[in-house]
Amino acid sequence: MRLLSIGRPLPDMAIDNHTIFNAPACFDYDAIAIDPEGVFNSIRELIDSSQEHVTHGDAQVVNALTGPGVPAGEILQRRRDELVRALERGALVAVFTHPLAMITEIAGFPGLDRYFFLPAPAGLAWDAGLIRWGEGVQAAVADHRHPFARFVDAIGNDMLYRAHFNEAAPGFADNARVFARSGGGAPVGVEFRVLGGTVVFLPAPRSRGGDAGRKQAASILAAARELLDLPVGDPPPWVRQQALPGLEELEEASAEAESAVERAEAQREAAEGELMQLTRVRDVLWTEGSHALLPAVVRCLELLGFRSYERDGEVTISDDAGRHELEVEGSVDPIGMAPHYRLRARLDRRIEQEGRPTRGLVVANGERLLAPDRRKAPIADALRVAAEATSYAVLPAGELFAAAAAALEGLDDDVLSAIRARLVEEDGVVSLGDLLGTAEPEDAAALPMSRP
């Protein structure tokens, strides 16, 4: 998936950064990010002649109705048409929220407001009754299951929201899904369904470009893939270097079967089925999200002897000791408190329903694009403390992969039983090295942690 960013630099190989004038057609993208402030800056540069602008085809942009060059008003009206078409085909449009403003000097487009490019849901308008000025640096996730919750966590102290939404505006409650609120409770992160697609308003970060921009880009890309239900991408090269018993042989069997489909169709299907299961085990080391990491974690836990059940997107694992709630989290950064909040809500719900204590398990795949032996602090210390206080285990993804690979190679039932017991009885960050014969037992405090 490629993402088009207009008006804000988001440094990433998968993102095409452009101005409102030189961007390619928006409807050619499944995901578009737009900063209205950057859009207005480009328009003002054209009006006051402080900066020349050209189209994607290098034609000069002019603030005139006719004459040499392409009229700016025509381009701006075309952008709205492109976004309408993109949303009709199910695209995601992420917008950095800014207060209402207006430009009146564009020829052929009088009264151009901040959100001229963006269609609204039926019965709503992006006006001052809905979007209100207000600046602040405090905001928190209100819905940890929303894909863009990770963006709010990623920008952290770099937050400087410029506007918020009026919950009392007519039609807001029927159309909006709030996933982030200011320190005073005002909605600053909101999703709307528009036409056949999704519009997500994000609190604006303070910084533009650089390392902060790379963090913004990574979190937006991950959230877009999750919301659009798209694959995470191709695995990094080091993934293929992770040894897994039987994988190479199955890859060869798959290739041989494909070369003789007519004679060996049944053999090819069997080999590919086993290959998929084994590849999924290795996916636990580098993926994220419920569409990639969760199935990989479930497969690994099944190899250790757990049974799994899924209902309404939530997975429960069970063994002889009972049922245990499962949460997973992957990130290029250390894993923070997001899986804790989700798990705690599920545990509280179980306690309310069943009237007795219950346990859970978090599988954390922090620093997921680094090889396991290069990860310095994949789990935040706050998550370890929360797990110890709430009485559940946090299992690093590398530990789960090692245990699943050992199970494939052959582990005694007693060892498998001991692994399951540790995962449902111990609190805090769990190591399995001593049970697998690869390391001495470690205290949770000795494991690498990310501290604020």
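The values are calculated or read from the model by the stated rules, or taken from the named source; none is laboratory data. Computed from a predicted model, the values in this text were never measured in an experiment. Cβ: placed from backbone, ideal geometry, glycine included. Neighbour counts: every protein chain shown.
Some points to look at:
- Residues located in region 412-434, provided they are of a type in the set (A, V, I, L, M, F, W, C) and crowded, with 20+ Cβ neighbours inside 10 Å: Ile419, Leu423, Val424, Val429, Val430, Leu432
- Number of residues in region 368-407 that are under 25 Å from Gly305 (Cα atoms), without any contact (Cβ under 8 Å) to a residue 40 or more places away in the chain and charged (D, E, K, R) equals 1.
- Residue within region 20-31 that is assigned to a strand (DSSP E or B) and either under 22 Å from Arg214 (Cα atoms) or out of contact with any Phe, Trp or Tyr (no Cβ under 6 Å at 6 or more places or on another chain) (or both) present: yes
- Tally of residues being β-branched (Val, Ile, Thr), touching an Asp or Glu at 6+ places or on another chain (Cβ under 7 Å) and part of a strand (DSSP E or B) across region 329-364: 2
- Among the conditions (1) over 27 Å from the mean Cα position of the chain (by Cα); (2) surrounded by fewer than 17 Cβ atoms within 10 Å (Cβ to Cβ), Ala407 misses just one, which is (2).
- Subset of region 218-232 (residues that are within 15 Å of Leu369 (Cα to Cα) and either in contact with a Gly (Cβ under 6 Å, 6 or more places away or on another chain) or part of a helix (DSSP H, G or I) (or both)): Ala218, Ser219, Leu221, Ala222
- Scanning region 190-217 for residues that are outside any helix (DSSP H, G or I), aliphatic (A, V, I, L, M) and closer than 21 Å to Gln138 by Cβ yields Val190, Val200, Leu202, Ala204.
- One residue alone among Leu294, Leu326 is modelled with pLDDT of 80 or more, part of a strand (DSSP E or B) and either under 23 Å from the mean Cα position of the chain (by Cα) or surrounded by fewer than 19 Cβ atoms within 10 Å (Cβ to Cβ) (or both), and that residue is Leu326.
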